[in-house]
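The values are calculated or read from the model by the stated rules, or taken from the named source; none is laboratory data. Note that the structure is predicted; figures quoted are calculated from it, not measured. Cβ: placed from backbone, ideal geometry, glycine included. Neighbour counts: every protein chain shown. All accessible areas refer to the heavy atoms of the entire protein, side chains included, with ligands and DNA or RNA removed. Shrake-Rupley method; radii C 1.70, N 1.55, O 1.52, S 1.80 Å.
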Amino acid sequence: MDRPKVTIGRWAKKLELTFGTERTAEATAVKVLNARERKAAAAEAELRILELAQKQVLDVLDGEDLWPTLKRGEGGSEHEAYLRFIPARDMREHTNARSGSAAIIDKLSDHTADAAGAKSTLAQMHDVLTSLVTDVTPEDIASLEPPEK
């Protein structure tokens, strides 16, 4: 909130607000754990999709399967075809999709992303607390101490 703790404490006392740090810590720990579990499950699912996509490409390259694609016929009509190779356009699209999938897995596996959640929680707290302070005059705001560094 860009204000010293003492200022926040003074306003909280004036508004008869209390801060239950034990309950807040418990709720935050549960929220972080749930988010990590969901991210891990999503990363697992994305990894499985990536592995299936890679297997499909390797099976065609190893001659064990055919590649499904769309071919253009007369008049621009398209029809499904199965080829013994992967057309360049399909390979490029498939590679881009696998690359995107790998990036998603990296983001879901990144443990530093929890800092964004913490910032979001602080922003929500700021909004709630400032909405509670409705009887503050411009003079009150001007008298607030500058933030500690």
* Enumeration of residues in the stretch 1-31 that are in a loop (DSSP other than H, G, I, E, B) and either within 30 Å of L108 (Cβ to Cβ) or open to solvent by 90 Å² or more (accessible area, probe 1.4 Å) (or both) -> M1, D2, R3, E16, T18, F19
* For S109, which of the numbered conditions (1) in contact with a Lys or Arg (Cβ under 8 Å, 6 or more places away or on another chain); (2) closer than 27 Å to A35 by Cα; (3) modelled with pLDDT of 85 or more fails to hold? -> (3)
* Selection from the stretch 32-51 of residues that are surrounded by 11 or more Cβ atoms within 10 Å (Cβ to Cβ), farther than 12 Å from I105 by Cα and among the aliphatic types (A, V, I, L, M) -> V32, A35
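Can you go through D59, D65 and tell me which one is surrounded by 13 or more Cβ atoms within 10 Å (Cβ to Cβ), modelled with pLDDT of 90 or more and part of a helix (DSSP H, G or I)?
On the way: D65 fails: part of a helix (DSSP H, G or I).
Result of the check over D59, D65: D59.
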* **Filter result (free of Cβ contacts under 8 Å to residues at least 24 places away in the same chain, outside any helix (DSSP H, G or I) and either in contact with a helix residue (DSSP H, G or I) (Cβ under 7 Å, 6 or more places away or on another chain) or surrounded by 12 or more Cβ atoms within 10 Å (Cβ to Cβ) (or both)) within the stretch 72-109** => A81, L83, P87
* **In the stretch 1-36, residue modelled with the highest pLDDT [restricted to those that are of a type in the set (V, I, T) and in contact with a Leu (Cβ under 9 Å, 6 or more places away or on another chain)]** => T7
* Condition broken by D114, with the remaining ones in (1) part of a loop (DSSP other than H, G, I, E, B); (2) open to solvent by less than 70 Å² (accessible area, probe 1.4 Å); (3) at pLDDT below 65 satisfied -> (1)
